[in-house]
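Presented below is the structure to which this report refers.
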Amino acid sequence: MIDISRAPALGTSAVSDLFQILRDGRPRTRTELASITGLARSTVAIRIDALMRLGLVAPTSDATSTGGRPSSQFTLNATGKTVLAVDVGASHVHIAVSDLLGSPIAEHAMTIDIAEGPEPVIDAIISSSRSLVDTAGRSMSDVLAIGIGLPGPVEHSSGRPINPPIMPGWDRFDVPGRMRAALGIPVLVDNDVNIMALGERDLAWPDADHLIFVKVATGIGSGVISDGYLQRGAQGIAGDIGHVHVPRGSDVACHCGNRGCLEALASGPAIATALRERGLAASSSLDVVQLVKRGNIDAIQAVRQAGRDMGEVLSACVSLINPSVIVIGGAMAAAGEHLIAGVREIVYTRSMPLATQHLQIVQSKAAENAAVLGASILAIHFALSPERVEAMVAALGERATAV
Ligand SMILES: [Zn+2]
């Protein structure tokens, strides 16, 4: 039996270094790991043992090549621990217990009214999270962290919503503090569009280091990934493109108090308003999408124009960020190619040729799951960071010493 209490003396950061190598899911032998790290094989064995005790690494289950002997290859144990992922919208909450690759083990959706304020909504999330962990056949001690997306600006340093327009009573509420006190695990909170960008990238564009995810629904916002990292800006409001002025809309009032904002022209409700003025029955993004799917020419033209309006703002973003992918998501993305075609028409015309040479403008593949997937990725990035793995190994050593 290897004495785990020796692990901290061996250097816990080196244990997490080994784990970061195994996180890619590729099985490796102790000999391969020794050769990659330059460590002695016996040292690798001690570190693998510590990671197996934490449930983060497991032997591969392929017995065919080992003739019945225990496997000599090790990899990430994706189901050894879990995270909780929570997508909070204006009227819905979607919760998942996910494995360490972000795949859901159990999911639950419920309706809420965000305008009721933080306490009833957070209490409902806490009790549903507990019962979902039970349903998944796991315990809260298996859950490493919880990631939450909120439909408003979130101050990154504190995880508190800041003046969120559709969330009365939530301004500066200590969401992470309240959740952590109840569940006893680390809580990460971010804006919903930011986590959608993380989810979309993980699912469909893992190699894209420069990606803009645009959510078009009741509002319009974007999540920006630059050089592989989500860009939150100084106050956490980076990517909030909904209130950039669009020339066509100088006489259109926006709920923010200005005129001619992108959101006042191209959001689902804005398009629905324009269609009502033409005598069509439409009040939401869903109504507009259904009209488009039925081939209504007025709706198709309005959606294409909304795409052009978005293109006006996005061509400036292309000049600033030089993305390789722009993903259009949110409820209005279900209008499909008509919206995307409008965006492409303007972006490809207005941007410098070098910026659009390899630029793809596409519909979201993660679709309605982008936010919950992104919330799990937010929690996983935190929980499996070198610092957190180091802390878990150190705690293991302390427990072994105490025994
Ligand atoms: Zn505005």
Given the whole protein assembly as supplied and a 1.4 Å probe, what does the accessible area of Thr111 come to in Å², nearest 10?
120 Å²
Taking the Cα atoms only, what angle lies between the long axis of helix 297-321 and the longest principal axis of the chain, rounded to 10 degrees?
60 degrees
If you roll a 1.4 angstrom probe over the protein chains with everything in place, what fraction of the accessible area of the chain belongs to carbon and sulfur, to the nearest %?
52 percent
Enter the angle in degrees (range 0 to 90, nearest 10) between the Cα long axis of helix 192-204 and the first principal axis of the Cα atoms of the chain, meaning the one along which they spread out most.
60 degrees
With every protein chain kept in place and ligands, DNA and RNA left out, what is the accessible area per residue of the chain? Probe 1.4 Å, answer in Å².
44 Å²
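What is the dipole size for the chain, taken about its Cα centre, with +1 at each Lys and Arg Cβ and -1 at each Asp and Glu Cβ, in debye to the nearest 20?
660 debye
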From the residues Phe173, Ala45, Asn77, which one has its Cα farthest along the dipole of the chain in the positive direction, the dipole being from +1 and -1 charges on Cβ of Lys/Arg and Asp/Glu about the Cα centre?
Ala45
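How much of the DSSP beta bridge set in the chain is antiparallel, as a percent to the nearest 5?
Antiparallel bridges: around 60 percent, rounded to the nearest 5.
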What are the lysines whose alpha-carbon lies under 30 Å from the alpha-carbon of Lys81, with same-chain residues fewer than 8 places away excluded?
Lys365
Rule-of-thumb check for the chain: C-alpha Rg over 2.2 N^0.38 Å?
1.11
On C-alpha positions alone, give me the angle between the axis of helix 337-350 and the longest principal axis of the chain, in degrees, nearest 10.
90 degrees
Restricting to aspartates and glutamates and to Cα separations under 19 Å from Lys293, and discarding same-chain partners fewer than 8 apart, the set is Glu337, Glu368
On a C-alpha basis, how far is the centre of the stretch 323-369 from the centre of the stretch 117-155 in Å? Whole number, if you could?
33 Å
Given a Förster distance of 41 angstrom, what is the FRET efficiency for Ile166 paired with Gln301, based on the Cβ-Cβ distance and rounded to 0.05?
0.90
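The values are calculated or read from the model by the stated rules, or taken from the named source; none is laboratory data. Here the structure is a predicted model, which is why all the values come from computation and not from measurement. Glycine also receives a Cβ, built like all others from the backbone with ideal geometry; neighbour counts cover every protein chain displayed. For the accessible areas, the whole protein counts, side chains as well, though only heavy atoms, and no ligand, DNA or RNA atoms are used. Shrake-Rupley method; radii C 1.70, N 1.55, O 1.52, S 1.80 Å.
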